[in-house]
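Taking it in order: structure first as structure tokens, then the write-up.
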Amino acid sequence: AQSVTQLDSQVPVFEEAPVELRCNYSSSVSVYLFWYVQYPNQGLQLLLKYLSGSTLVESINGFEAEFNKSQTSFHLRKPSVHISDTAEYFCAVSDQRNTDKLIFGTGTRLQVFP
Amino acid sequence: SAVISQKPSRDICQRGTSLTIQCQVDSQVTMMFWYRQQPGQSLTLIATANQGSEATYESGFVIDKFPISRPNLTFSTLTVSNMSPEDSSIYLCSVPTGSGSYEQYFGPGTRLTVT
């Protein structure tokens, strides 16, 4: 069975500051890793994912995440945040043998202040 | 990409009553998923709904409490039966993106408050 831990329930930062949202997972099998974002009053949408290949993956809006197998982590980072990045961020994993089932973390609320 | 709509977007219900949530997708999909997001907690998969067969429920969820219908390839309903305040949650449906992408598209969710 898999589990996902997002230690930070809330992360307040000022605009243009760097940010890291932490995600650790537990699994006895190989997994795929995802970050989803939920903007205020909107549905969940995929931000980025790691399936295979390069352990550093990037999104179109400047976020990146690095898969670290030895530390079972998939932390999300952005060097300079914008007000518009204010949202709830969810880390998720799926078993490579059963990709239909997503296991989510509890989410991290990123609040960007001017 | 798939566009998913849910009805209602929110509702306030009295305990002991039932609410049916609708999920509509703009394309035909074999599988649809129903999730629950309780306040301050992660999203939890309730069940997988395949067209033409009974839904498959995850541990801790039963058909009597969360009956699901899947009459065609673009539509599904989830009913929350005999509600209690503990059922207050956001309920979301999702569909797989397919084509080896392994992620899912999510609907906007239904925010349910039980008083």
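The values are calculated or read from the model by the stated rules, or taken from the named source; none is laboratory data. As the structure is a prediction and not an experimental result, all values here were calculated from the model. Quick reminder, even Gly has a Cβ in these numbers, built from the backbone with ideal geometry, and neighbours come from all protein chains shown. All accessible areas refer to the heavy atoms of the entire protein, side chains included, with ligands and DNA or RNA removed. Shrake-Rupley method; radii C 1.70, N 1.55, O 1.52, S 1.80 Å.
Quick look at the numbers
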| item | result |
| --- | --- |
| Share of carbon and sulfur in the accessible heavy-atom surface of chain B [1.4 Å probe, %] | 47 |
| Förster radius 41 Å - calculated FRET efficiency between B:THR30 and A:SER80 (Cβ-Cβ, nearest 0.05) | 0.50 |
| P(r) tail fraction, chain A - alpha-carbon pairs more than 23 Å apart, % | 23 |
| Protection-proxy order for peptides B:45-55, A:90-100, B:59-69, each taking the mean of Cβ atoms within 10 Å per residue, highest first | A:90-100, B:45-55, B:59-69 |
| 5 Å binning of all Cα-Cα separations within chain B, expressed as whole percents from 0 upward | 2, 13, 23, 26, 20, 10, 4, 1, 0 |
| Portion, in percent, of the accessible area of chain A that falls on carbon or sulfur, probe 1.4 Å | 48 |
| Those residues of region A:28-44 for which accessible area with every protein chain present is at least 20 Å² below the isolated value (1.4 Å probe) | A:TYR32, A:PHE34, A:TYR36, A:GLN38, A:GLY43, A:LEU44 |
| Volume of the Cα convex hull of the protein assembly as shown, divided per residue and given in Å³ | 124 |
| A versus B: buried accessible surface, summed, Å² (probe 1.4 Å, to nearest 100) | 1500 |
| Accessible area of the protein assembly as shown divided out per residue, in Å², using a probe of 1.4 angstrom | 48 |
